[in-house]
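Below is one structure; the comments refer to it alone.
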Amino acid sequence: MKIEVMTRRGFLATACAAAAGTLPSSAIGKPKKIPIGIELYSVRDELAKDLTGTVTAVAKMGYEVVEFFSPYAAWTPAYAKEVRKVLDDLNIRCLSTHNGYSGLQGNGLKKAIELNHIIGSQTIVTASSNNAKTQDDWKRVADTMTQAAQTLQPLKMRAGYHNHQSEFIAHDGFRSMPFLAANTPKSVTLQLDIGTCVEAGYDPVAWVQENPGRIRSLHLKDWGVGADRGYNVLFGEGDVPWKNLLNTAVSLGGAEYFLIEQEGSRFPALVTAEKCLANYRKIRP
């Protein structure tokens with residue numbers, strides 16, 4: 001199947017079809033239970049002030065999974081053990097972490113393995129391409145991902161890559177995200193940031209269909225066309241056809257858990273997190 005870039009008009013038509021209930025029969029029926037989590041960047045200021053209190057707050061809301069991001073790399077193993085106790089006491093899991101590019105090579109990878117093992121995370125995701133621009137640059141990124149995956153496999157862990165807008169935008173005819181997918185082993189998770197994919201004008205459903213079994217986690221970030229919308233919309237209030245996309249992610253993408261992520265909204269961060277979860281429950285009870 002050839003991936004095509006979806007125009008915003010086409011994307012909005014898909015969203016309207018989803019809202020009208022004219023989705024394929026495969027998307028109808030009781031959805032498979034998938035743990036719902038939160039990327040803690042969504043509550044970054046609160047987390048920096050009070051990690052235990054913030055994780056406790058999102059756990060009480062009903063989130064089942066958290067994903068720590070790059071500041072965690074400065075933790076000591078002793079502190080990671082304290083965090084693990086907090087997670088265990090709250091019955092909430094950390095299944096992946098976000099890391100800088102250095103977190104997938106050398107001593108950075110060694111430390112990431114240690115910390116992720118302690119807190120129970122199984123996937124070390126990089127959210128950075130190390131400023132890759134050319135195809136040669138991206139070949140080096142793919143090689144780094146491949147080597148990390150080979151190191152992690154015997155440990156029953158995975159490497160992952162998290163996209164932003166630029167990976168889905170063609171530059172001189174070259175689009176880096178399909179290239180990265182084609183040049184890394186299937187064990188590498190392609191963590192889909194939906195909002196940035198959509199803003200780039202790319203069809204997220206087509207992307208999931210093109211990479212079956214590799215979309216093991218998704219950042220549920222909405223996006224909306226129009227003034228004062230963009231990433232400020234709450235989950236479920238933007239233009240993403242969520243029901244179709246999430247069902248496709250589960251049935252074809254191999255999704256193991258979902259992660260709400262919010263850049264910011266008209267509400268305080270913790271209120272935003274609670275409202276996003278409530279909207280999610282309306283779509284996937």
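The values are calculated or read from the model by the stated rules, or taken from the named source; none is laboratory data. Source: prediction; values computed, not measured. With ideal geometry, Cβ positions are generated from the backbone for all residues, glycine too; neighbour counts draw on all protein chains shown.
May I ask you to verify whether Ala273 is among the hydrophobic types (A, V, I, L, M, F, W, C), at pLDDT 95 or above and in contact with a Lys or Arg (Cβ under 9 Å, 6 or more places away or on another chain)?
no
Consider Ser176 carefully, then state whether it is buried (at least 21 other Cβ atoms within 10 Å of the Cβ), among the small types (Gly, Ala, Ser) and closer than 27 Å to Leu104 by Cβ.
yes
Do we have any residue at all in region 92-115 that's among the β-branched types (Val, Ile, Thr), in contact with a Leu (Cβ under 7 Å, 6 or more places away or on another chain), part of a helix (DSSP H, G or I) and modelled with pLDDT of 95 or more?
Yes, because at least one residue in region 92-115 is among the β-branched types (Val, Ile, Thr), in contact with a Leu (Cβ under 7 Å, 6 or more places away or on another chain), part of a helix (DSSP H, G or I) and modelled with pLDDT of 95 or more.
Has region 119-132 got at least one residue that is farther than 20 Å from Leu277 by Cβ, surrounded by fewer than 19 Cβ atoms within 10 Å (Cβ to Cβ) and at pLDDT 95 or above?
yes
For region 105-129, enumerate the residues that are within 22 Å of Ala255 (Cα to Cα), touching a helix residue (DSSP H, G or I) at 6+ places or on another chain (Cβ under 8 Å) and not hydroxyl-bearing (Ser, Thr, Tyr).
Scanning region 105-129 gives His117, Ile119, Gly120, Gln122, Ile124, Ala127.
Report, by residue number, each residue of region 218-275 that is in a helix (DSSP H, G or I), among the β-branched types (Val, Ile, Thr) and under 14 Å from Leu192 (Cβ atoms).
Selection gives Thr248, Val250.
Residue pairs, Cβ under 8 Å, 6 or more apart or interchain, first in region 259-278 and over 21 Å from Thr97 (Cβ atoms), second of a type in the set (D, E, K, R) and surrounded by fewer than 18 Cβ atoms within 10 Å (Cβ to Cβ). List them.
Listed pairs, sorted by first residue: none to list.
What about Ala148, is it closer than 18 Å to Ser70 by Cβ, in contact with a strand residue (DSSP E or B) (Cβ under 9 Å, 6 or more places away or on another chain) and assigned to a helix (DSSP H, G or I)?
yes
It is to be established whether one or more residues within region 201-214 are closer than 19 Å to Ser128 by Cβ, touching a helix residue (DSSP H, G or I) at 6+ places or on another chain (Cβ under 6 Å) and either buried (at least 21 other Cβ atoms within 10 Å of the Cβ) or among the small types (Gly, Ala, Ser) (or both).
no
Do we find that Ala132 is in contact with a helix residue (DSSP H, G or I) (Cβ under 6 Å, 6 or more places away or on another chain) and either outside any loop (DSSP other than H, G, I, E, B) or closer than 23 Å to Leu180 by Cα (or both) in this structure?
yes
Could you please let me know if Tyr41 is part of a loop (DSSP other than H, G, I, E, B), within 20 Å of the chain's Cα centre (by Cα) and at pLDDT 65 or above?
When the stated conditions are applied, Tyr41 does not pass them.
Table: residues versus (1) in contact (Cβ under 8 Å) with a residue 60 or more places away in the chain; (2) over 18 Å from His164 (Cα atoms); (3) in contact with a Pro (Cβ under 7 Å, 6 or more places away or on another chain).
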{"residue": "Thr56", "(1), (2), (3)": "no, yes, no"}
{"residue": "Tyr63", "(1), (2), (3)": "yes, yes, no"}
{"residue": "Thr97", "(1), (2), (3)": "no, no, no"}
{"residue": "Gly100", "(1), (2), (3)": "no, no, no"}
